[in-house]
Amino acid sequence: MSKPRPSAPRSSVRREVKRSINQYGVFPVTVSRVEKLTDSFVRVSLTGRSLLHAAAPISDGTGQVYDAYIKLLIPPAGASGPTMIELDTSWRSRWLAAPESERGYMRTYTVSNSRLVPSVGLDETPLLGMLPAAEADLEPLERELPEGQQPEIDVDFVLHTDSEGKSGPGSAWAEQTRVGQQISLLAPLRGSTLWASYNPGEARSLLLVGDETAAPAILSILRSLPTEATGAVFLEVPGAEDALDRLPEVRRAAQRVPGVRLNVLDRSDQQARGQQLAASLRQVCGVETLEEIAPREEAAPGEIVWHLAENPVDTYVLLAGESSVVKTLRRICVNEAGLPKESISFMGYWKAGQAEG
Ligand SMILES: Cc1cc2nc3c(=O)[nH]c(=O)nc-3n(C[C@H](O)[C@H](O)[C@H](O)COP(=O)(O)OP(=O)(O)OC[C@H]3O[C@@H](n4cnc5c(N)ncnc54)[C@H](O)[C@@H]3O)c2cc1C
């Protein structure tokens, strides 16, 4: 007979659990670790018993996250503590109408890993807000976990500034955050599927191409792939110091799938964003490079550059990063290399000169 579990540690803050009408919820979490990976990347680990109620593999901590992503609710300047949103049918319009100085910012980030960690002394975050179930319904879920464990996720932030040294709220938050700080995230509820794009179908090989914002997604795909996978990865990062392939965990991820070649390219010699990705893509597709600089496609302001492969055949192509770069890469694949459109997932993760909103 299994040993009865002591009940979860209680917070001194009132527990307020409501039924949600959505397939996603707001999860208050605590920063448990901050690690500067390279000049441009900082890894922030977030933990909380609230994550027990998020979709697997966040809640079960198995780490097979592929390119799953969440929304972080970055508090406005001067505010601290987790942001709460009442997720009723009009929350989105209410959120957009509120001034940023009050509601803060919602930013999209990849879950680069997930695990279970000892809960002792780590998390005093109350279970607040729009969690999925009544309190009585939560207890059986909590009993399913190993004793004294709770989920933890990693988020790898790109630290970026413009020519005037200004960064966005997401990047600025990551740069200043410390262990113990609280924040909220929006993610699918347990029982539903995490938001993600990777969909190789029956394709026999992979071509994964992205800029630094896609590095967490591509690297966690590498970690999640079956060991017999084949293909190539091209990652473009800001500087030579960001050569992620020098990090032990990235080397390990690449070594476990020896049939997938990892190529990390850097822009340290002032090359335009995406220029090396375009050249590498042409090279790997056997397309002649006629111009020194790839003619760029421009994503229009507000244009949604996002389409998932429908029925990948032969090689599955995943393109992710800055929207105009992604449009350019897709044109090379389709117009120059003649790859079938239905094999290509392309995701504009962000747009130069435009804040996420
Ligand atoms: C599915 C998905 C997964 C993502 N995963 C990650 C991830 O794991 N890590 C990560 O760092 N980003 C990731 N991104 C991209 C991230 O959401 C954007 O970069 C976001 O704009 C950052 O918010 P911010 O507040 O720092 O800047 P914003 O306030 O959104 O933008 C302010 C200014 O900075 C510019 N800007 C934004 N991002 C960058 C950048 N990386 N480099 C240079 N200039 C930039 C904007 O064009 C704008 O001019 C992901 C996006 C999506 C859609």
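The values are calculated or read from the model by the stated rules, or taken from the named source; none is laboratory data. Keep in mind it's a predicted model, so treat the numbers as computed, not measured. A quick note on method: Cβ atoms are made from the backbone with ideal geometry, for glycine too, and the neighbour counts reach across all protein chains shown. Side chains are part of the model used for accessible areas, which takes the heavy atoms of the whole protein and leaves out ligands, DNA and RNA. Shrake-Rupley method; radii C 1.70, N 1.55, O 1.52, S 1.80 Å.
For the stretch 239-290 and the stretch 209-237, what is the centre-to-centre distance using only Cα atoms, to the nearest Å?
10 Å
Could you work out what % of the accessible surface of the stretch 205-350 is carbon and sulfur, using a 1.4 angstrom probe and leaving DNA, RNA and ligands out of the count? Present the calculation step by step, with values, prior to reporting the outcome.
Working: 3220 of 6360 Å².
Its accessible area is 51 percent carbon and sulfur atoms.
Give me the Debye-computed log₁₀ of I(q)/I(0) at q = 0.14 Å⁻¹ for the stretch 205-350, equal point scatterers on Cα only, no solvent, two decimals.
Per q value, in the given order, log10 I(q)/I(0) is -0.63.
Taking only protein heavy atoms into account and a 1.4 Å probe, give the accessible area per residue of the stretch 205-350 in Å². Walk me through the numbers on the way to the answer.
On the way: 6360 Å² over 146 residues.
Here the residues of the stretch 205-350 average 44 Å² of exposed surface.
Restricting attention to the stretch 166-208, which trypsin sites (Lys or Arg not before Pro) occupy a DSSP loop and are surrounded by at most 10 other Cβ atoms within 10 Å?
Here the sparse-neighbourhood loop sites are Lys166, Arg178.
Do any GluC sites (Glu not before Pro) in the stretch 164-213 lie in a DSSP loop with no more than 15 other beta carbon atoms within 10 Å, and if so, which? Write out the running numbers ahead of the final one.
Working: sites: Glu164, Glu175, Glu202, Glu212; in loops: Glu164, Glu202.
Those satisfying the criteria are Glu164, Glu202.
Over all alpha-carbon pairs of the stretch 43-116, lay out the pair-distance distribution in 10 Å bins, whole %, shortest bin first.
Taking all Cα pairs of the stretch 43-116, the binned fractions are 16, 43, 32, 9 percent.
Using a 1.4 Å probe on the protein heavy atoms only, what accessible surface does Leu319 show? Give it in Å² to the nearest 10.
Around 0 Å² of this residue is reachable by solvent.
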